[in-house]
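For reference, the structure discussed in these notes is given below.
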Amino acid sequence: MTNCHVVDTTNERTMVVMTADSHVYPVQRVLAASPADDLAILQVDARGLQPLPLADGADAAPVASAVSVIGYPDGRFFCYTSGGISQYMKIPAGGRSVDAVAITAEYARGSSGAPVLDSQGQVVAVVSSTLASGFVRAK
């Protein structure tokens, strides 16, 4: 999973998935994309990869709970930061209101698509924007 704005581009570039042990797998195709939610699901031709588990809604990571972000700002792979959830909210996007989360874990431009993880390593959100207020889209 990544952001729709990451895959919705006119650039002729190859998208890949890279594991923590530096194995690189080309993205075969985008299976689903939602511009309004800014999410996309990718297909990768690889064996043995385990997707990160998804948390079960806001109850899994209430306000003030610890979260971490594993991002890749400016091509620096696997940068880890930690913080907490400050609030859940609705934000306008694509003519409708979508779920979002404000976090205190730092992330920078280029971290779009990075997972926001709870203390059990479950995805609670995906970094979508680098607004100064720290908003990320809820998964």
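Brief remarks on what is shown
- Comparison of A33, A108 shows that the only residue that is at pLDDT below 85 and in contact with a strand residue (DSSP E or B) (Cβ under 8 Å, 6 or more places away or on another chain) is A108.
- Residues located in region 1-16, provided they are farther than 22 Å from D118 by Cβ and either open to solvent by 60 Å² or more (accessible area, probe 1.4 Å) or outside any loop (DSSP other than H, G, I, E, B) (or both): C4, H5, V6, V7, D8, T10, N11, E12, R13, T14, V16
- The lone exception for A61 - which of (1) more than 23 Å from D8 (Cβ to Cβ); (2) free of Cβ contacts under 8 Å to residues at least 60 places away in the same chain; (3) of a type outside the set (K, R) it fails: (2)
- Among the residues of region 25-39, those that are open to solvent by 80 Å² or more (accessible area, probe 1.4 Å) and either assigned to a helix (DSSP H, G or I) or over 24 Å from R96 (Cα atoms) (or both) comprise Q28, R29.
- Selected residue (criterion: surrounded by the fewest Cβ atoms within 10 Å (Cβ to Cβ)) from residues of region 40-51 that are modelled with pLDDT of 90 or more and within 19 Å of V127 (Cβ to Cβ): I41
- Region 85-120, residues that are in contact (Cβ under 8 Å) with a residue 60 or more places away in the chain and crowded, with 17+ Cβ neighbours inside 10 Å: V98, S112, G113, P115, L117, D118
- Selection count where residues are within 22 Å of V98 (Cα to Cα) and open to solvent by 60 Å² or more (accessible area, probe 1.4 Å), scope region 52-84: 7
The values are calculated or read from the model by the stated rules, or taken from the named source; none is laboratory data. Only a predicted model underlies this, so the values are computations on that prediction, with no experimental measurement involved. Counting neighbours? That spans all protein chains shown, and the Cβs are built from the backbone with ideal geometry, glycine included. For the accessible areas, the whole protein counts, side chains as well, though only heavy atoms, and no ligand, DNA or RNA atoms are used. Shrake-Rupley method; radii C 1.70, N 1.55, O 1.52, S 1.80 Å.
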